[in-house]
1. With the Cα gyration tensor of the chain giving a ≥ b ≥ c as the square roots of its eigenvalues, does the rule (a/c under 1.5 for rounded; else a/b larger than b/c for prolate; else oblate) give rounded, prolate or oblate?
2. Once both labels are modelled 7 Å past Cα along the beta-carbon direction, what's the residue 54-residue 12 spacing in nm?
3. Given a Förster distance of 35 Å, report the FRET efficiency between residue 30 and residue 75 from their Cβ-Cβ distance, rounded to the nearest 0.05.
4. Output the 0 to 90 degree angle, nearest 10, between the alpha-carbon long axis of helix 2-46 and the longest principal axis computed from the alpha carbons of the chain.
5. Using only Cα atoms, tell me the angle between helix 50-74 and the longest principal axis of the chain; keep it within 0 to 90° and round to the nearest 10.
């Protein structure tokens with residue numbers, strides 16, 4: 001009898017944990033979708049896309065690296 005009760009308790013706990021995981025997954029998906037929508041809206045308003053900003057950042061990194069190398073060569 002006690003063993004059956006423990007099995008039921010374990011099953012209930014397992015179901016609760018699965019439900020929590022599903023809720024978290026749904027929440028994460030919704031949040032991701034909302035973030036994508038916000039990013040697109042900001043890109044539309046601001047004109048610069050994330051991809052353009054990333055390219056600009058990479059170019060600035062290369063430029064900075066070249067300047068650093070020039071400084072080191074001068075010393």
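1. Numbers: a/c = 11.32, a/b = 2.43, b/c = 4.66.
Oblate shape, in that a/c is at least 1.5 and b/c is the bigger or equal ratio.
2. According to this spin-label approximation, the distance is 4.9 nm.
3. That pair, residue 30 with residue 75, gives E of 0.05.
4. The angle comes out at about 30 degrees.
5. 50 degrees
Computed from the coordinates by the stated procedures, all read-outs in this text should not be read as laboratory data. Predicted model only: the values in this text are computed from it and were never measured. Note that we place each Cβ from the backbone using ideal geometry, even for glycine, and neighbour counts take in every protein chain shown.
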